[in-house]
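Notes follow the structure.
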Ligand code: T3D
C-alpha cells in the first residue's frame, strides 16, 4: 500500500510527510517505525540542512491511533493495556530524536494537531501553522495526561496558567491564538502556508547549521543550569564554533559585503 511516511528532498530541505490521511495521520506502531527511519535517513544525509515535518490531507496528526495495537483499552476483567510500552518503544525515542536532530526541524502544521500530534509538533524547533489548523491537548478528554513532552513543554512555552488551561480543558486552540500566546512561532494564512514554510526552510538551510543546532542544544541544557553554568557552556560552545569554517566564512562575507556561503554541517 501507500507508504506511511513520505520523504522528499528539495535542495537542502527534506520534507517528511505523515501519510495516513484517512485517520488524520494518527500514529500506529508502523507509522512510528516509518517516521523514525525517515528522520534517521535525513540526519545521516549530508545534503540535508533542514527538515520539515508535515501531514498529508486535512490534518497534521491526531496523536495515537486509538484503535491500533497496544493502545486500545482492555475490556473490564482483562489485563489492562500498558500504555507505557508504546511510550518507551515509540514516543519517547521520537521526542528525543527530534530534539537531537543535527539540523533545524520545522513542524509545518497544515491542519489539526491533537494529543501526541500537538506535542510532537512542539518538540520541533519552529512551529508554523496554517490559519485553519488547531492545537488540541486531547489527552484528558480520554482520561490521560499530556505525554510526548507536553507537561515539560507547555509550561515552558506559555507559562503554568495557560499550560494548565490548555491541558486540563483540552479545548481547540486556533493557530492564530497559539501564535498570540507564544505556543508556536507563526500562524500563516492557508493560501500562503506552503510558500511561507518553504521560505523559512530554505532560509534555515542556508544558515550555519552548527550554530543553529548548538543554539538549540544550549537552550535545552540551560533548563537544568544555573546562570553562571550557562555562561560557561556558551563560552565552551563559542570556542568550538569559532574554530569552524562557517565562522570564517560568515565574518569574511560580512567584511566583503557579500552573501555568505555556509557549508559546515
Ligand atoms: O502510550 C500511549 O499510546 C498513550 C499515548 C497517547 C498519546 C495520545 O495522542 S492520546 C490522544 C489521542 N488522540 C485523540 O484523542 C484525538 C482523537 N481525535 C479527535 O478528537 C478528532 O478526530 C479531531 C479533533 C482530531 C479532529 O476532528 P474532526 O471532526 O475534524 O475529524 P474526525 O471525523 O474526528 O476524524 C476523521 C477520521 O480520523 C475519523 O475516521 P472515520 O470516521 O472517517 O473513519 C476518525 O475516527 C479518525 N481519527 C481521528 N483521530 C483518530 C482517529 N482514529 C484513530 N485514532 C485517532 N486518534
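Look at where the Cα atoms of the range 110-144 and of the range 29-106 average out, and the two centres are 13 Å apart.
Computed with the Debye formula from one identical point scatterer per Cα of the range 192-233, without solvent, the log10 of I(q)/I(0) at q = 0.16, 0.18, 0.22, 0.23 Å⁻¹ comes to -0.56, -0.63, -0.73, -0.75. If you wrap the tightest convex hull around every Cα atom of the range 73-217 and split its volume per residue, you get 111 Å³. Of 84, 230, the sequence from fewest to most neighbouring Cβ atoms within 10 angstrom is 84, 230.
Note on the chain: Cα-only Rg and Dmax are 19.3, 75 Å. Computed over the Cα atoms of the range 1-125, the ratio of the radius of gyration to the Kirkwood radius (Rg/Rh) comes to 1.00. Name the shape class, rounded, prolate or oblate, that the alpha-carbon gyration tensor gives for the range 209-255, where a ≥ b ≥ c are the square roots of its eigenvalues, rounded holds for a/c under 1.5, and otherwise prolate holds if a/b is larger than b/c and oblate otherwise. Note, shape of the range 209-255 comes out prolate.
All of the numbers you see were taken from the coordinates with simple rules; none came from a lab. None of these values were measured; they are calculated from a predicted model. Positions of Cβ are generated from backbone atoms using ideal geometry, with glycine treated the same way; all protein chains shown enter the neighbour counts.
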